[in-house]
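Engineer: I have a structure I would like to understand better, so I am pasting it below and will then ask my questions one at a time.
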Amino acid sequence: MHGGRSEYMLNGASPVRSCASPVAPAPRAAGYIILLARRHLRTLLSPRLRAAWHCSLAWCMTMSLDTVRKTFERLGREDPLYGVLTDHKRRHNKWDPVEFFETGVAEVTRMMNSMQAVPLDAPREHALDFGCGVGRLTLALGAHFERVVGVDIADTMIARAREYNTLGDRITYLVNTRDDLSLLATASFDFVYSSIVLQHIPPESAKRYIAEFMRLLRPGGVAVFHVPSGKPYAPGSLGAMWYRVRREYLRRAWKLIRGRAPYEMHYVPRAEVESIVRDGDAELVHRANVAAENFMYYVRKRGGARGEA
């Protein structure tokens, strides 16, 4: 569509003046077109419109975690188990808690087996469950690690997690509403796990969290995390704007209309994830394609006997 009018002007034959022709002279018509173009250009480049354009670019780059927090706060109050694991047959608090937590045990068992198949191993002292919800995976990780910390953005989810805790002070639950993990010390974990969480977080925040995983790992430590991939968009581009409208607003509206949990769904392009891992002094050991353009990344922190490349 862009440039359609220019193409017409370039390809169309200029009027040829003849003595008998009533057509206006070509130079006069061309001058009129140029005058109109200049006026429109001045309008497009006016300070107000330039300011509005810059504001729109800033808007598309500032997708907020607050909407994510509010969504999970509400689910934590109203239907917490469904909010963590969305089996539509179990909406409205129809999850049986025993069955629900058994799904966490099964998932962590599969994940630990997949690490052995890579092969990849981590010390079994201190683990982090990022996006822990009510502790479905946190408690399961407690069977493999001495101490486990669960972090979530919603304090209603953390309150439920503490109620479900059966491992006492071996489990610690923390609320974190920031797009970093500064509440946790550098090089304090042997293992970081995050499953079906980063997909609900705006891309810029998700990338910061992945960088934080690298910071938190001890030398030789391992991170296993899931994040979908997709087409990259240049910051401030029209594509980036449309990404936000579609992913943050339209999808939420469609979910609400259908009576479903209004999760946002996001992705981080694979090349960007791998760049963050390298910048965090870690190596990508394995990448499993768990669904179309959905990857589970297996990462090891460099340094120490286990972390040498």
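The values are calculated or read from the model by the stated rules, or taken from the named source; none is laboratory data. Note that the structure is a prediction, hence the values are computed from the model and not measured. For neighbour counting, all protein chains shown are included, and Cβ atoms are generated from backbone atoms with ideal geometry for every residue, glycine included. SASA here: full protein model, heavy atoms, side chains in, ligands and nucleic acids out. Shrake-Rupley method; radii C 1.70, N 1.55, O 1.52, S 1.80 Å.
Engineer: Less than 21 Å apart at the alpha-carbon level, and either on another chain or at least 8 residues along: which lysines does that give for LYS231?
Structural biologist: Of all the lysines, those that pass the test against LYS231 - Cα under 21 Å, at least 8 places apart if same chain - are LYS207.
Engineer: Using +1 at the C-beta of Lys and Arg and -1 at the C-beta of Asp and Glu, which of MET111, ALA127, LEU75 has the Cα lying farthest in the positive direction of the dipole of segment 67-183?
Structural biologist: LEU75
Engineer: Another question about this same structure. Give a quick list of trypsin sites (Lys or Arg not before Pro) in segment 96-203 that DSSP marks as loop, anything other than H, G, I, E or B, with at most 15 other Cβ atoms within 10 Å. It would help to have the intermediate numbers written out before the result.
Structural biologist: Details: sites: ARG110, ARG124, ARG136, ARG147, ARG160, ARG162, ARG170, ARG178; in loops: ARG124, ARG178.
Taking segment 96-203 and a limit of 15 other Cβ atoms within 10 Å, the loop trypsin sites (Lys or Arg not before Pro) found are ARG124, ARG178.
Engineer: Could you work out the relative contact order of segment 154-251? I mean the mean sequence separation of Cα pairs under 8 Å and 6+ apart, divided by the number of residues, in percent. Walk me through the intermediate numbers first.
Structural biologist: Numbers: 79 pairs, mean separation 25.6, N = 98.
Once normalised by length, the contact order is 26 percent.
Engineer: Using amide H atoms built in the peptide plane, which far-off residues or other-chain residues are under 5 Å from ILE196 H to H?
Structural biologist: Sorted by chain and number, the residues that satisfy this are HIS226.
Engineer: Go through segment 88-154 and name the GluC sites (Glu not before Pro) that are in a DSSP coil and have 10 or fewer other Cβ atoms within 10 Å of their Cβ.
Structural biologist: Details: sites: GLU99, GLU102, GLU107, GLU125, GLU146; in loops: GLU125, GLU146.
Counting only loop positions with at most 10 other Cβ atoms within 10 Å, none of the GluC sites (Glu not before Pro) in segment 88-154 qualifies.
Engineer: Related question: Taking a ≥ b ≥ c as the square roots of the Cα gyration tensor eigenvalues, with a/c under 1.5 meaning rounded and otherwise prolate when a/b beats b/c, else oblate, which class fits segment 138-221?
Structural biologist: In terms of gyration-tensor shape, oblate.
Engineer: Shifting gears a bit: What does the net charge come to around GLY104 if you take all other residues with beta carbon closer than 15 Å to its beta carbon, with K and R at +1 and D and E at -1? Please report the intermediate quantities before stating the final value.
Structural biologist: On the way: positive: ARG90, ARG110, ARG136, ARG160; negative: ASP87, ASP96, GLU99, GLU102, GLU107, ASP129, ASP152.
That sum, taken over residues with Cβ under 15 Å, equals -3.
Engineer: Then there's this: Taking the Cα atoms of segment 70-136 alone, what are Rg (to one decimal) and Dmax (as a whole number) in Å?
Structural biologist: 14.6, 41
Engineer: Above 15 Å lies some portion of the pair distances; for segment 197-309, what is it as a whole percent of all C-alpha pairs?
Structural biologist: Above the 15 Å cut-off, segment 197-309 has 66 percent of its Cα pairs.
Engineer: Placing +1 at every Lys and Arg Cβ and -1 at every Asp and Glu Cβ, with all other atoms neutral, what dipole size does segment 198-309 have around its Cα centre, in debye to the nearest 20?
Structural biologist: Dipole size: approximately 400 debye.
Engineer: Another question, if that's okay. Please state the charge dipole magnitude for segment 194-249, taken about the Cα centre, from unit charges on C-beta atoms (+1 on K and R, -1 on D and E), reported in debye and rounded to the nearest 20.
Structural biologist: 60
Engineer: Taking the solvent-accessible surface of protein heavy atoms with a 1.4 Å probe, what is the per residue accessible area of segment 95-194 in Å²? Let's see the in-between values first.
Structural biologist: Working: 4160 Å² over 100 residues.
On a per-residue basis, 42 Å².
Engineer: Write out the GluC sites (Glu not before Pro) in segment 238-301 meeting two conditions: DSSP loop, and at most 15 other Cβ atoms within 10 Å of their Cβ.
Structural biologist: GLU293
Engineer: Provide the net charge surrounding ASP179, with neighbours chosen by a C-beta distance below 10 Å and charges set as Lys +1, Arg +1, Asp -1, Glu -1. Write out the running numbers ahead of the final one.
Structural biologist: Details: positive: ARG178, LYS207, ARG208; negative: ASP180, GLU204, GLU212.
Cβ neighbours under 10 Å give a net charge of 0.
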